[in-house]
1. Which peptide among 88-95, 145-152, 22-29, 105-112 comes first, and what is the full order, when sorted by highest mean count of other Cβ atoms within 10 Å?
2. Picking from Ala232, Val124, Trp209, whose Cα lies most toward the positive end of the charge dipole for the range 118-241 (charges on Cβ: Lys, Arg +1; Asp, Glu -1)?
3. What per residue convex hull volume, in Å³, comes out for the range 184-241 when only alpha-carbon positions are used?
4. For the chain, what % of the accessible area comes from carbon and sulfur atoms, probe 1.4 Å?
5. Just to check, using Stokes-Einstein with a Kirkwood Rh over alpha carbon pairs, what's the diffusion coefficient of the range 96-160 at 20 °C and 1.002 mPa s in µm²/s?
6. At 1.4 Å probe size, with every protein chain present, just tell me what the per residue accessible area of the chain comes to in Å².
7. Mind checking the dipole of the chain: about its Cα centre, +1 per Lys or Arg Cβ, -1 per Asp or Glu Cβ, Debye to the nearest 20?
8. With the contact rule set at Cα under 8 Å and sequence spacing of 6 or more, what percent relative contact order holds for the chain?
Amino acid sequence: MRVDIVTIFPDYLSPLELSLVGRARARGILDVHLHDLRQWADDVHRSVDDAPYGGGPGMVMRPQPWWAALTEIRALGAADGRRPRIVVPTPVGRPFTQAYAADLADVPWLVFCCGRYEGIDARVIDEWADDEISIGDYVLAGGEVATLVILEAVTRLLPGVVGNAESVTDDSFTDGLLEAPVYTRPAVWGDREVPAVLRSGDHAAIGRWRRAEALRRTAQRRPDLLARQDQAAADDGSGGA
Ligand SMILES: COc1cc(COC(=O)c2cn[nH]c2)cc(-c2cccnc2)c1
């Protein structure tokens, strides 16, 4: 997978040299290219923002640098007919979910546009953005952190990245529920003991316990996910969650 990231703060993306994503890059599974948006700004001051039409607080990112940047990056694939899927992390985007991550994991070339200030001129979004993605209902100072979040969730789904493939397929959210609690040694920590079933070796009972805990947790913390489960079950005619 090729990933291009356009930002006015390339250093903000240095975590992509570390850990899971860093290892995937070192192994050639991921090919990441960082671009400083300012290199495409057409004025001597390399300005990337300007005052918003209609007034209001803050600044808006100008169309010209983005148009030049995305035109040049898209042209990289013209020779062999490849087109990038252009992603803009933004508070007004579609919610990012595990299913969305799985969708993006199948895309050979992603381009992330990191907005700053109050956002990017709408004409750039209208023309270029294939996906506007929100990682949550809050406002960040820029799209860089959201890009790191999206990229980490997508990269761990790429074949060969996570050693134990199971820990990816039976991810929480993959079956639409929150994960059950996890434990490791020692069996007793202070006055807290690991649930006996998990040490019983009875894998059927362990599976039942984990499913019950996942349902309990989901009902407690994310009833919205259960509603989605029930709707999906109703749609395909099987029993409830
Ligand atoms: C592309 O336009 C953007 C992008 C971002 C950065 O992304 C997020 O904040 C985000 C992504 N998922 N959840 C939050 C922030 C704004 C923005 C809007 C209003 C005031 N201030 C900033 C606009």
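1. 145-152, 105-112, 88-95, 22-29
2. So the residue we want is Trp209.
3. Normalising the Cα hull of the range 184-241 by residue number yields 97 Å³.
4. Carbon-and-sulfur percentage of accessible area, whole number: 53.
5. Roughly 167 µm²/s, to the nearest whole number.
6. Here the residues of the chain average 58 Å² of exposed surface.
7. That gives a dipole near 760 debye.
8. 19 percent
The values are calculated or read from the model by the stated rules, or taken from the named source; none is laboratory data. None of these values were measured; they are calculated from a predicted model. Every residue, glycine among them, receives a Cβ derived from its backbone with ideal geometry; neighbour counts consider all protein chains shown. The accessibility values were calculated without ligands, DNA or RNA, using every heavy atom of the protein model including side chains. Shrake-Rupley method; radii C 1.70, N 1.55, O 1.52, S 1.80 Å.
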